[in-house]
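Here's the structure, in structure tokens; my notes come after.
The values are calculated or read from the model by the stated rules, or taken from the named source; none is laboratory data. From a predicted model like this one, the values you see are computed outputs, not experimental measurements. Virtual Cβ from ideal backbone geometry, glycine too; neighbours counted across all protein chains shown. Ligands, DNA and RNA are stripped out before the accessible areas are found, and what is left, the full protein with its side chains, is counted by its heavy atoms. Shrake-Rupley method; radii C 1.70, N 1.55, O 1.52, S 1.80 Å.
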Amino acid sequence: MGALWAIVGATGTGKSEAALDLAERLGAARGVPAQIVNSDAMQLYAGMDIGTAKLPASERRGIPHHMFDVFEPREEATVARYQPDARAAISAILKQGGDAILVGGSGLYVSSVVFDFQFPPRDAATRAALEGEYESAGIEPLVARLSDLDPAVAAAVDRRNPRRVIRALEVALLGGGAMVTLPSDPVLWRAGAGHDRTHILGIACERGVLTERLDARVRGMWASGMLDEVRGLLPQGLAEGKTASRAIGYAQALAQLAGDLTENEAIAETQALTRRYARRQVSWFKRYPNAAWIDQTAGRDLSALDEIVAVSS
């Protein structure tokens, strides 16, 4: 039976290429093809390709990919919805004798597969009421209520992300424990997908170099037709989608199409938000225990992958 590999790190560090390189090496070493499973929340959406840096099928080197293009933009992507399908895909790969490579930078999505991750309660009516309060009064009253109910969660939640605040308050009002950050209790650091052989590889890049890469990638998104992609997704409900419409880059492109931002403003805002997101990803994944980190500041480090595969065999 194969192993589960998780390739994590900030956006723009080269995780997709690292996953392909690892898959090729594992397949050669084991004699059974390795397969890739997506853990990037926005790459779950069909048609959202340019803004998510989704690897085209023609560049996947013939390696099977799972959990890509499974939602329409109008649908709401949630970790609770993603987890069982991703775990099922991984289990099927392992039963075939191959290695499963989980790759992506959405921390909660990765953690929901790799660790013993339980989901707190949900209630549509409560959520709708809180969303209405946010629309009418802003985020601060919601944060204040959360502070009264669960000060620790209120201190940890990203206040710049209304969806996270609303979700945390929803859980607190329902009497659950809002798991809005990576579990700090060591008891929760168990392999959650039922696989004894789990390896975590972190892909790192020096901050200044990564910033340059990210800024250039955003400019490239617009040059490659970001606005045309967004226009084409409007009939699929992009503007109405609770998750997709707020994705970094897509929200700014929508604002540009609406005349609320100029192109330069949309690009600059996307760059700033992408840099901030990358910093949060680094902080999140640095807390993963027993992760092996590969620095790819200077480019792909294939020798490091060869050594890791050799040790795991």
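Can you confirm whether segment 227-240 contains a residue that is closer than 27 Å to Val114 by Cβ and either open to solvent by 60 Å² or more (accessible area, probe 1.4 Å) or β-branched (Val, Ile, Thr) (or both)? It would help to see each step written out before you state the result.
Start the filter on segment 227-240 by keeping residues that are closer than 27 Å to Val114 by Cβ, which leaves none.
No, segment 227-240 has no match at all.
Looking only at residues in segment 124-154 that are in contact with a helix residue (DSSP H, G or I) (Cβ under 8 Å, 6 or more places away or on another chain) and open to solvent by 50 Å² or more (accessible area, probe 1.4 Å), which one is modelled with the lowest pLDDT? Full working, then the answer.
Of the residues in segment 124-154, the ones in contact with a helix residue (DSSP H, G or I) (Cβ under 8 Å, 6 or more places away or on another chain) are 126-127, 130-131, 133-134, 139, 141-143, 145-147, 149-150, 153-154.
Imposing the further condition that a residue be open to solvent by 50 Å² or more (accessible area, probe 1.4 Å) reduces the set to 133-134, 141, 145, 149.
Numbers: Glu133: 94, Tyr134: 95, Pro141: 94, Arg145: 93, Leu149: 89.
For segment 124-154, the residue satisfying everything is Leu149.
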Of the residues Ala6, Ala53, which single one is modelled with pLDDT of 95 or more, buried (at least 20 other Cβ atoms within 10 Å of the Cβ), small (Gly, Ala, Ser) and not in a helix (DSSP H, G or I)?
-> Ala6
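Could you please give the count of residues in segment 28-48 that are crowded, with 21+ Cβ neighbours inside 10 Å and in a loop (DSSP other than H, G, I, E, B)? Give the derivation first.
Of all residues in segment 28-48, those crowded, with 21+ Cβ neighbours inside 10 Å come to 34-45, 48.
With in a loop (DSSP other than H, G, I, E, B) added as a condition, the list becomes 34, 39-40, 48.
Count: 4.
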Kindly indicate whether any position in segment 100-115 is within 21 Å of Leu201 (Cβ to Cβ), in contact with a strand residue (DSSP E or B) (Cβ under 9 Å, 6 or more places away or on another chain), part of a strand (DSSP E or B) and open to solvent by 10 Å² or more (accessible area, probe 1.4 Å).
-> yes
(1) under 18 Å from Gly225 (Cβ atoms); (2) in contact with a strand residue (DSSP E or B) (Cβ under 8 Å, 6 or more places away or on another chain); (3) hydrophobic (A, V, I, L, M, F, W, C): which one isn't true of Met42, the others all being true?
-> (2)
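State whether the residues of segment 62-73 include one that is farther than 21 Å from Glu17 by Cβ, modelled with pLDDT under 95 and surrounded by fewer than 20 Cβ atoms within 10 Å (Cβ to Cβ). Don't jump to the end; show me each part of the working.
Step one: filter segment 62-73 for residues farther than 21 Å from Glu17 by Cβ, giving 70-73.
Of the ones still in play, those that are also modelled with pLDDT under 95 are none.
No: segment 62-73 contains no residue that is farther than 21 Å from Glu17 by Cβ, modelled with pLDDT under 95 and surrounded by fewer than 20 Cβ atoms within 10 Å (Cβ to Cβ).
Condition check: at pLDDT below 95, within 18 Å of Ala80 (Cβ to Cβ), surrounded by 19 or more Cβ atoms within 10 Å (Cβ to Cβ) and of a type outside the set (Val, Ile, Thr). Does Arg163 satisfy that?
Values: at pLDDT below 95: yes; within 18 Å of Ala80 (Cβ to Cβ): yes; surrounded by 19 or more Cβ atoms within 10 Å (Cβ to Cβ): no; of a type outside the set (Val, Ile, Thr): yes.
No.
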Test Arg74 against the stated conditions and say whether it is in contact (Cβ under 8 Å) with a residue 40 or more places away in the chain, closer than 30 Å to Ile267 by Cβ, basic (Lys, Arg) and not in a helix (DSSP H, G or I).
-> yes
Residues being of a type in the set (D, E, K, R) and not in a loop (DSSP other than H, G, I, E, B): count how many of those fall in segment 120-163.
-> 8
With respect to Ile90, is the statement that it is open to solvent by 10 Å² or more (accessible area, probe 1.4 Å), hydrophobic (A, V, I, L, M, F, W, C) and farther than 27 Å from Arg207 by Cα true?
-> no
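What number of residues in segment 168-180 are open to solvent by less than 50 Å² (accessible area, probe 1.4 Å) and at pLDDT below 90? Steps first, answer last, please.
The initial filter retains those residues of segment 168-180 that are open to solvent by less than 50 Å² (accessible area, probe 1.4 Å), namely 168-172, 176, 178, 180.
Next cut, at pLDDT below 90 only: 168, 171-172, 176, 178, 180.
Residues that pass the stated criteria total 6.
Kindly indicate whether Arg81 is at pLDDT below 95 and assigned to a helix (DSSP H, G or I).
It is true that Arg81 is at pLDDT below 95 and assigned to a helix (DSSP H, G or I).
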Is it fair to say Thr198 is of a type in the set (Ser, Thr, Tyr) and at pLDDT below 85?
-> no
Open to solvent by 50 Å² or more (accessible area, probe 1.4 Å), over 30 Å from Gly232 (Cα atoms), of a type in the set (D, E, K, R) and out of contact with any Leu (no Cβ under 9 Å at 6 or more places or on another chain), is that true of Arg25?
-> no
